[in-house]
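Notes for the one structure printed next.
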Amino acid sequence: MSTETENEGPKVDVVDDAPSLLGKGGHGGVGDAVRSYLQRVRGGDMGPLPAVGGLVVLVVIFAAANPLFLTERNIANLFTQAAPLVTLGMALVFVLLLGEIDLSAGVTFGVAMGVFVKLTQPGGMSWPLALLLALGIGVAVGGFIGFFVARIGVPSFVVSLGLFLGLQGVMLVIIGAGGTYRLIPSPIRAIQNQNLPPWAGWTMLAVVLGVLYAVALLDRRRREKSGAPNPPATIMYAKLGVIAVLGAFVVFYLNQDRGTAARSLEGVPIVVPLVLLILMVGTYVLDRTRFGRYIYAIGGNTEAARRAGVNVTLVKWSAFVVCSVLAVVAGIFTVSKVGSADAAMGREIVLSGVAAAVVGGVSLFGGRGRLVHAVIGATVIAVITNGMGLLKFSAGANLAVTGGVLVLAATVDALARKRSGATGV
Amino acid sequence: MSAIIELRSITKSFGPVDVLKGVDFTAHEGRVTALVGDNGAGKSTLIKGLAGVQPYDGGQVLFEGSPVTLHHPRDAARLGIEVVYQDLALCDNLDIVQNMFLGREELAGGTFDEGRMEAEAARALQTLSVKTVKSLRQKVASLSGGQRQTVAIARSVVKKAKVVILDEPTAALGVAQTAQVLGLVRRLADSGVAVIIISHNLQDVFAVADDISVLYLGTMTARLEASQTSRDDVVGYITGTKRMTEVDA
């Protein structure tokens, strides 16, 4: 076509002389990376920082107030106590990212576990079959919510509130008012009550680090191949180093004998590698697959996602199914810990699950947050419950403090949004 | 020069209202064609038909000389027709690369090939000589209006679009940013793309367009070369006080 600019009218020129940062992808040295991170934080994108800070403060306070808090036995107990909430929090992240909510996630696992425990009573079904059925209930409930939310357009708050009430009724029918069914011993029981042998704990840590390292290396190789610059390797090693040190500390701690003189008890509870697996697979899905990317896109701007060719209905629907199935997994961890199922199972935990995600830095408005945020947030709430229990506070005080933390976290989120609204656009 | 897109006697009505009454329109590779007209003249309807969002009732659409049907946005996308909407359709919570590749992510071995996408995004922005973006991994929320428009336009480059339709690309921008975006539009056309730009701002139209097509109440009243006409003439056609009896293609 025509050469250069020969059109009349105001002269148009965008090329300024500032050295182009393009092709650097914004990555420079370590200093640049740190600076850009600090800038993001100042801009309101704090992620889990407040929760991590809060966690450190809480641990210090509880450790100072009660010497029992940091004992090996209590730490191990903390892990198994936190596991159901951590898992439920991760489940909810999938729908919270869409800007939706699932208030029925708790009773969903209540129903699924009620069915599971009842069916596996002596003389009943084999546990693997019952487990499949329980997960199937998760798929069905998630599909039900997804249908009304994604296809019909009913607000998820209303649909899941309806299910929250309705499924409690189902629970009463299955279990009977005031009834309790004991979980019969099975591998399900072992999840929260048995530990890995010490060597397996170390193997677990090595596998996690190995996978993270391999993925990071693969990424760098790919970027190099396409000519995209890599962030400084130091950052990668620093991240891996932090995970390695924290992980080694935890594994070492849990591998200490925390039993009595009569019976030794040591090792990482079996639930820990299961939760880690969910965290890693889930993070992989959210960060590296279309499904995950589209969840973020829909949470950010549904119309934009639709115009870009994203099947919004299908993605939303699937996200609700993922949420409900993971909720059932949280139920498995609960029933394994508690050892029984009653008609009220899962009724209260759902709001703590939402709180866990929000405390960890997942936005209720959609589009912002990661699975690890829910893990951190759930840990905060579990530490509060555990620590205040040790200090002999009443359950009432515990609930009040947890509620206060939630409001605080939501306030931080709202302020951060305001701030990023002011700096951006 | 042959047209990449040619519309022949396109009609469209909503109930009893004839919005397009036999409209002819062409767009050429490497040229910026401005589509102007007053509110209600049928600009949006014409564009929605091209995008496949609202199919035309009658008439013929020729793409690179052969007749095509545009019944679905997918049809348009397959031909390489991209629309950059006024409200930009970007996700604030995603970064520039993620936005540019939304819906057409590059996969390798089942996962995102971020390196490849980042490199291609950089190349697309380079074709448009964009140098105002600091980092490709910036969230779109942190960009200015002009930069957001830049990302939206660059997205069509990544998609290797042959025809890019811009709906009021400068409507919400300040003076400097308008100049930036118009420069971008020019370079997009210079790279061989047929650009169709809808604008109310005649100053912008004359700054960037090669051809000007004027819609007046559902008919194409004028098709002009920008260098051969004046602003007063175009205003005349838009308001209906002037009329072209015969139109040279």
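Side notes on the structure shown:
- Meets criteria (open to solvent by less than 50 Å² (accessible area, probe 1.4 Å) and touching a Ser or Thr at 6+ places or on another chain (Cβ under 9 Å)) for residue A:136: no
- Members of region B:119-137 found to be open to solvent by less than 20 Å² (accessible area, probe 1.4 Å) and either closer than 13 Å to residue B:153 by Cβ or of a type in the set (D, E, K, R) (or both), listed by number: B:121, B:124, B:125, B:128, B:130, B:133
- Condition broken by residue B:202, with the remaining ones in (1) crowded, with 21+ Cβ neighbours inside 10 Å; (2) under 25 Å from residue B:130 (Cα atoms); (3) of a type in the set (A, V, I, L, M) satisfied: (1)
A quick yes/no check of all residues on (1) among the hydrophobic types (A, V, I, L, M, F, W, C); (2) in a strand (DSSP E or B); (3) modelled with pLDDT of 85 or more:
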| site | (1), (2), (3) |
| --- | --- |
| B:183 | no, no, yes |
| B:189 | yes, no, yes |
| B:203 | no, no, yes |
| B:247 | yes, no, no |
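- Residue B:123, sole failed condition from (1) basic (Lys, Arg); (2) more than 7 Å from every other protein chain (Cβ to nearest Cβ); (3) in contact with a helix residue (DSSP H, G or I) (Cβ under 8 Å, 6 or more places away or on another chain): (3)
- Among the residues listed as A:305, A:374, the single one being more than 19 Å from the chain's Cα centre (by Cα), of a type outside the set (S, T, N, Q) and open to solvent by less than 20 Å² (accessible area, probe 1.4 Å): A:305
- All of (1) within 30 Å of residue A:266 (Cα to Cα); (2) open to solvent by 30 Å² or more (accessible area, probe 1.4 Å); (3) not acidic (Asp, Glu) hold for residue A:200 with one exception: (2).
- Criterion: within 21 Å of residue B:128 (Cα to Cα) and out of contact with any Lys or Arg (no Cβ under 9 Å at 6 or more places or on another chain) - qualifying residue of B:51, B:89, B:27: B:27
- The lone exception for residue A:265 - which of (1) closer than 30 Å to residue A:122 by Cβ; (2) in a helix (DSSP H, G or I) it fails: (2)
- Residue check, residue B:54 more than 9 Å from chain A (Cβ to nearest Cβ), part of a loop (DSSP other than H, G, I, E, B) and out of contact with any Gly (no Cβ under 9 Å at 6 or more places or on another chain): yes
- Residue A:124, sole failed condition from (1) surrounded by 15 or more Cβ atoms within 10 Å (Cβ to Cβ); (2) touching a Lys or Arg at 6+ places or on another chain (Cβ under 8 Å); (3) free of Cβ contacts under 8 Å to residues at least 12 places away in the same chain: (1)
- Of all the residues in region B:153-181, those that are in contact (Cβ under 8 Å) with a residue 40 or more places away in the chain and either touching a strand residue (DSSP E or B) at 6+ places or on another chain (Cβ under 8 Å) or part of a helix (DSSP H, G or I) (or both) number 16.
- Residue check for residue B:29: outside any helix (DSSP H, G or I), within 30 Å of residue A:285 (Cβ to Cβ) and either within 14 Å of chain A (Cβ to nearest Cβ) or more than 17 Å from the chain's Cα centre (by Cα) (or both): no
- Residues considered: B:34, B:27, B:51, B:76. Of these, the only one that is free of Cβ contacts under 8 Å to residues at least 60 places away in the same chain, open to solvent by less than 60 Å² (accessible area, probe 1.4 Å) and either among the aromatic types (Phe, Trp, Tyr) or more than 13 Å from residue B:11 (Cα to Cα) (or both) is B:76.
- Filtered residue count, region B:205-244, keeping only those that are without any contact (Cβ under 8 Å) to a residue 60 or more places away in the chain, under 28 Å from residue B:64 (Cβ atoms) and not in a loop (DSSP other than H, G, I, E, B): 6
- Of all residues in region A:297-354, those satisfying the criterion of being under 30 Å from residue B:86 (Cβ atoms), more than 14 Å from chain B (Cβ to nearest Cβ) and touching an Asp or Glu at 6+ places or on another chain (Cβ under 8 Å) are A:316, A:319.
- Scanning region A:391-404 for residues that are touching a residue at least 40 places away in the same chain (Cβ under 8 Å) and open to solvent by 40 Å² or more (accessible area, probe 1.4 Å) returns a single hit, A:391.
- Screening residue B:60 against (1) open to solvent by 30 Å² or more (accessible area, probe 1.4 Å); (2) over 24 Å from residue B:184 (Cβ atoms); (3) part of a loop (DSSP other than H, G, I, E, B) leaves a single unmet condition, (3).
The values are calculated or read from the model by the stated rules, or taken from the named source; none is laboratory data. Because the structure is predicted, anything quoted here is derived from the model rather than measured. Neighbour counts run over all protein chains shown; Cβ positions are idealised from the backbone, glycine included. Areas reflect the complete protein model, heavy atoms only, side chains present, ligands, DNA and RNA absent. Shrake-Rupley method; radii C 1.70, N 1.55, O 1.52, S 1.80 Å.
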